[in-house]
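Undergrad: My questions all concern the structure below.
The values are calculated or read from the model by the stated rules, or taken from the named source; none is laboratory data. These figures come from a predicted structure and were not determined experimentally. Please note: Cβ atoms are built from the backbone with ideal geometry, for glycine as well, and neighbour counts cover all protein chains shown.
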Amino acid sequence: MDLRALHAKYRDQDSPSVELQVKWLKRLGFEGQVVDRAILTVYTEIEQGEKDFKSGGELNLYLKEVAEGIRKDDLTAYVSHLEKFEAKLRKKWEGKLPWWKRWLGVKK
């Protein structure tokens with residue numbers, strides 16, 4: 001996939017190059033892997049004819065929306081993983097007396 005060739009159709013003052021789109025997304029706080037996935041998703045849609053934009057600015061806004069969606073999905077998966085991990089630890093700890101109760105000889 002030639003990103004520059006796909007971008008050439010939308011090149012204007014608001015979106016002069018793909019490289020500047022990457023810098024712009026990173027400046028907005030998106031991690032590199034989120035930027036990569038967003039760029040590939042959007043330009044694949046353009047290449048397959050699923051998306052067409054009136055201007056480079058419109059392309060940039062859509063690119064930002066896709067990056068936000070990817071970041072949201074990643075964070076949702078991360079939180080879900082943390083909840084499962086915490087539940088596993090809680091199950092492991094339940095039924096055991098805390099160390100200080102064992103040390104003091106306190107029974108449940």
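Undergrad: Which one of the conditions (1) assigned to a helix (DSSP H, G or I); (2) exposed (fewer than 13 other Cβ atoms within 10 Å of the Cβ) does Ala38 fail to meet, given that it meets all the rest?
TA: Ala38 satisfies every listed condition except (2).
Undergrad: Right, next: Out of curiosity, is Leu6 touching a His at 6+ places or on another chain (Cβ under 9 Å) and in a helix (DSSP H, G or I)?
TA: No, not satisfied.
Undergrad: Any residue that is modelled with pLDDT of 95 or more and either loosely packed, with under 15 Cβ neighbours inside 10 Å or in a loop (DSSP other than H, G, I, E, B) (or both) - is there at least one of those in region 46-62?
TA: No.
Undergrad: Could you tell me how many of the residues in region 12-30 are touching a Lys or Arg at 6+ places or on another chain (Cβ under 9 Å), in contact (Cβ under 8 Å) with a residue 24 or more places away in the chain and not in a helix (DSSP H, G or I)?
TA: 2
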